[in-house]
Every structure is written in structure tokens, then in C-alpha cells.
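S.K.: This is the structure I want to talk about, given as C-alpha cells.
The values are calculated or read from the model by the stated rules, or taken from the named source; none is laboratory data. Not measured: the values here are computed from a predicted model. All Cβ positions, even for glycine, are placed from backbone atoms using ideal geometry, and neighbour counts span all protein chains on display. In case anyone asks, the SASA skips ligands and DNA or RNA and just uses the protein heavy atoms, side chains included. Shrake-Rupley method; radii C 1.70, N 1.55, O 1.52, S 1.80 Å.
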Amino acid sequence: VVFQAPRGTQDVLPEEAAYWVFVEQTARDWAARYGYGEIRTPTFEETGLFLRGVGGSTDIVEKEMYTFRDKGGGELTLRPEGTASIVRAYIEHGMASRPQPVRLFSFVTCFRYDRPQRGRYREFHQWDCEAIGELDPLIDAELIMLLWRVYQALGLRGLTLQLNSIGDEQCRPAYLERLRAYYQPLLPTVCGDCQRRYQTNPLRLLDCKNPPCQAAIAGAPRLLDHLCAACAEHFAALRAYLADADIPVELNPRLVRGLDYYTKTVFEVWPAEAGAQSALGGGGRYDGLVAELGGRPTPAIGFATGIERVILNLKAQGIAPPALPAPRVYIAYLGEAARRAAVHLADQLRQRGVPTLVAVGGRSMRAQLRQANALGVAWTVVVGEDELARGVVQLKPMAGGEALELAPEAAVERLAAGG
Ligand SMILES: [Zn+2]
Ligand SMILES: [Zn+2]
């Protein structure tokens with residue numbers, strides 16, 4: 001039997017890891033600048049949390065969750081997204097009594113039984129940020145700026161911020177009536193999904209990707225034109241902050257999140273050429289979610305960005321991450337006494353912070369030097385029996401040049417000082 005990684009998962013090999021570290025460290029660095037603290041939540045939760053927190057009528061809950069019963073009979077689900085768990089933790093740990101908003105970030109592994117395609121996996125990774133406990137549009141602006149500055153710091157170019165407001169319980173119901181009235185005579189022309197959405201979730205009519213539905217969408221009334229005073233004011237303030245931040249905003253009245261607890265601000269970041277199917281990240285305000293999950297009514301906003309998606313874009317734009325530390329010194333030797341001295345020398349070098357490898361397996365000196373070359377180290381230290389007898393080792397610069405003879409202690413000093 002030859003095992004393979006399950007469909008829709010991937011192995012990240014060491015040469016690929018530099019991209020992950022680059023994205024994660026940049027995100028951490030900027031999260032700290034905005035005062036976001038790290039939270040880590042379990043990989044699985046009670047299934048009910050996602051039924052309520054993601055929404056029973058979504059594709060995620062209807063088709064994509066990895067749900068199982070454990071040996072104790074618990075009904076559990078591998079997390080399909082990050083927000084529900086973080087909100088659950090906010091409520092469970094009484095974080096409402098901390099200074100508000102509570103700013104949290106998390107690197108989450110998520111699971112969705114989806115059709116695998118480029119940049120889309122069944123096990124995938126997200127960077128999540130949530131600001132819970134404040135309605136001020138300043139927080140919306142900060143959160144969006146944080147995401148934008150991270151993309152910028154990674155060197156990504158040509159991105160646009162797609163922005164919309166989907167109103168709230170004051171203005172949305174009247175708009176949905178208007179939208180239904182508009183769609184009613186068009187129902188025979190739209191797809192089956194849209195005919196269903198007309199009944200269950202009319203806001204989602206606006207983000208249908210099917211070609212026959214595009215004409216109907218183009219003529220549909222815009223929620224932006226029917227916001228109540230509070231929502232309109234919130235949106236105007238947010239746009240002013242984003243303009244000051246020099247972020248290229250495209251108003252996108254088709255951008256929606258189709259669940260009741262999403263309110264006001266929604267946004268996505270799109271790469272220049274590709275558009276909605278390949279959004280790098282996105283999020284929005286969910287002022288109804290904390291109450292939906294059993295907490296007191298609490299405004300909140302968050303985003304998630306897919307790490308795989310970001311790395312795909314880094315590669316497409318030819319952006320190389322900083323190299324990770326690699327072995328700098330290789331120790332070659334001949335004979336049993338020299339081997340023991342080599343292991344000791346390597347230990348001393350590592351304690352001084354020098355990444356060091358020692359030859360293994362009794363290879364010839366020639367084979368050892370060939371391996372040192374293949375590993376790309378800067379220095380090879382040769383511990384020969386003859387040198388050992390004279391109390392010295394040989395330092396060979398791999399880039400070429402004269403070898404040096406030094407006492408082992410002097411060799412350690414020299415290599416620790418950078419060679
Ligand atoms: Zn449709
Ligand atoms: Zn409103």
C-alpha cells in the first residue's frame with residue numbers, strides 16, 4: 001500500500017515553508033501594531049455552534065461540513081471557518097467585561113468538503129481578525145486597514161477593495177420587499193438557485209454567478225440607495241477614513257452576506273485581473289451574531305484571508321519570501337576519534353547559534369565534501385586524525401579560497417562571529 005495525502009489537502013515541504021512563515025510573521029507584526037491579541041480555539045466544536053453561527057441555509061452547513069459523532073456520542077464538526085469559535089470564546093470567557101472592543105486574531109485550520117481546485121482545498125488555512133464590542137465605524141476602518149497594510153507589506157500589487165453596506169434591521173426589510181417586487185416578474189428568467197433564494201434568502205439573488213441571472217442583477221434596486229440614516233452615516237464615515245488611508249475602494253452593490261446577523265459593512269479584496277471567485281480575503285460586520293450565539297447584543301466586525309490564496313498571489317506576482325535559516329557549517333571527519341570530536345564541536349557551534357550539520361554513516365571524505373556542497377553550507381570543518389593529533393581543525397570556505405587551520409575553540413569563535 002502506498003498512502004497519499006487525502007484529496008483536497010497538501011503537504012508543505014521545507015522549501016515551501018518560507019512563504020508560510022513570511023505571511024504569518026507579517027500578519028503577526030501588523031496585528032500587534034493594531035493592538036490585536038492572539039486567540040487559539042479548538043479545531044472542532046459542537047455541531048450546533050456552526051448551525052447557528054454560520055447559518056443553516058448556507059452551502060457550508062448544507063453540504064460542506066466534516067461532521068462526526070465521537071465515541072462519547074458527541075455531535076462534533078471540524079471548524080469550517082473561524083468566527084463562530086472566536087465569538088463562542090468571547091461569550092464563554094466573559095470578555096464583554098474587558099475594555100471594548102476586544103481585538104483578536106487567530107491562525108485557523110478550516111475544513112470544508114468542497115470541490116478542490118486551484119487555491120482551494122478541503123483543509124485550508126486562514127488568518128482571522130475580529131473586533132468585538134464596538135459599533136464605531138472607526139473600528140471598521142481600522143480592521144480593513146489592517147488587512148490592507150498586510151497585503152501591502154507582503155508586496156502584493158494591483159488589489160482593489162470591494163465595499164458595500166447591506167444595512168440593518170431598520171432598513172433591510174423594506175429593501176428586501178422592494179427587491180422581491182422587482183424580481184417577481186423576472187422569476188421565469190433566472191436560475192433554479194435564484195428561484196429558491198427568492199423565497200429563502202433574497203439578498204443572495206445579487207451574488208448569483210450564473211450568466212442568465214446577470215441581466216436581472218444589473219437592473220436590481222441597490223441597498224446602498226435605501227440605507228436608513230444610521231447606516232448611511234456609518235458608511236459615509238467609513239469611506240472617509242478609507243479615503244484618508246489611500247485605499248482604492250470600489251463600491252460594489254452586489255457584494256452581500258446572506259445571513260440576518262450580518263449588518264452594514266461588507267468587503268472583499270480582489271486581485272487585479274481575477275475578481276470575485278478568487279478574493280484574497282473579506283469580511284464584514286456581524287452585529288447580530290453574538291446575541292445569536294447566546295451572548296448579550298454586541299456589535300462586531302471581522303475578516304478572514306486564506307493563506308493558500310495569498311501565497312498563490314505572491315507566486316503569481318513573483319514575490320519571493322525571505323529565506324529561512326539553513327545550515328551554515330558542515331563538519332566532515334575521518335576515523336572514530338575524529339567523529340567524537342566532530343559531534344562535540346557541532347554541539348558547541350549550535351550552542352553559539354550556528355546552524356551546523358555533522359556527517360553521518362561512515363562515508364568517504366570525498367562523499368562528505370560532496371554532501372557539504374549539495375547542502376549549500378558556507379563552511380566545511382574538516383576534523384582529520386592528523387589534525388586531531390596536532391590539536392587543530394581545518395576550515396574550508398565553500399565559496400573557494402584558502403583553508404584555515406585553527407584550534408577547535410578558535411574555530412568556534414570565528415564561525416560564531418560570522419566566519
Ligand atoms: Zn441565479
Ligand atoms: Zn439601516
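S.K.: What about T83, is it within 28 Å of I319 (Cβ to Cβ) and either of a type in the set (S, T, Y) or without any contact (Cβ under 8 Å) to a residue 60 or more places away in the chain (or both)?
M.R.: The answer is no for T83.
S.K.: Next up: Report, by residue number, each residue of the stretch 34-60 that is free of Cβ contacts under 8 Å to residues at least 24 places away in the same chain and not hydrophobic (A, V, I, L, M, F, W, C).
M.R.: Correct list: G56, D59.
S.K.: With respect to V377, determine if the residue is in contact with a Pro (Cβ under 9 Å, 6 or more places away or on another chain), surrounded by 13 or more Cβ atoms within 10 Å (Cβ to Cβ) and without any contact (Cβ under 8 Å) to a residue 60 or more places away in the chain.
M.R.: yes
S.K.: Further question on the same structure: Looking only at the stretch 207-233, count how many residues are within 28 Å of the chain's Cα centre (by Cα) and open to solvent by 10 Å² or more (accessible area, probe 1.4 Å).
M.R.: 2
S.K.: I would also like to ask the following. Out of (1) at negative phi; (2) more than 25 Å from the chain's Cα centre (by Cα); (3) open to solvent by 20 Å² or more (accessible area, probe 1.4 Å), what's the single condition that is false for A153?
M.R.: (2)
S.K.: Please work out which residue is most open to solvent (accessible area, probe 1.4 Å), limiting yourself to the stretch 182-206 and to residues that are within 14 Å of G219 (Cβ to Cβ) and away from ligand 1 (no atom under 11 Å from the Cβ).
M.R.: Among those residues, the one meeting the criterion is Q184.
S.K.: Output the number of residues of the stretch 122-144 satisfying the condition of being crowded, with 18+ Cβ neighbours inside 10 Å and under 13 Å from the mean Cα position of the chain (by Cα).
M.R.: The number of residues fulfilling the criteria is 6.
S.K.: Could you give every pair whose Cβ atoms fall below 8 Å, whose first residue belongs to the stretch 1-15 and is loosely packed, with under 10 Cβ neighbours inside 10 Å, and whose second residue is among the small types (G, A, S) and in a loop (DSSP other than H, G, I, E, B), counting only separations of at least 6 or pairs across chains?
M.R.: Pairs that qualify, where the first residue is loosely packed, with under 10 Cβ neighbours inside 10 Å and the partner is among the small types (G, A, S) and in a loop (DSSP other than H, G, I, E, B), are D11/A5.
S.K.: Sticking with this structure for a sec: Name the one entry in V2, V12 that is among the β-branched types (V, I, T) and within 26 Å of L78 (Cα to Cα).
M.R.: V12
S.K.: Checking G55 against (1) surrounded by 19 or more Cβ atoms within 10 Å (Cβ to Cβ); (2) under 22 Å from I307 (Cβ atoms), which single condition isn't satisfied?
M.R.: Only one criterion in (1) surrounded by 19 or more Cβ atoms within 10 Å (Cβ to Cβ); (2) under 22 Å from I307 (Cβ atoms) is unmet by G55, namely (2).
S.K.: Would you check which residues across the stretch 240-261 are within 25 Å of S278 (Cβ to Cβ) and open to solvent by 30 Å² or more (accessible area, probe 1.4 Å) and list them?
M.R.: Answer for the stretch 240-261, where residues must be within 25 Å of S278 (Cβ to Cβ) and open to solvent by 30 Å² or more (accessible area, probe 1.4 Å): D246, P248, V249, E250, L251, P253, R254, R257.
S.K.: May I pose another question? Residues of the stretch 271-313 being open to solvent by 10 Å² or more (accessible area, probe 1.4 Å) and of a type in the set (S, T, N, Q), which ones?
M.R.: Q277, S278, T298, N313
S.K.: Right, another one. Examine the stretch 396-407 for a residue that is touching an Asp or Glu at 6+ places or on another chain (Cβ under 8 Å) and surrounded by 11 or more Cβ atoms within 10 Å (Cβ to Cβ), and state whether such a residue exists.
M.R.: yes
S.K.: Would you list the strands (runs of 3 or more DSSP E) that sit entirely within the stretch 9-104 and hold 2 or more residues that are over 24 Å from Y286 (Cβ atoms)?
M.R.: 67-69
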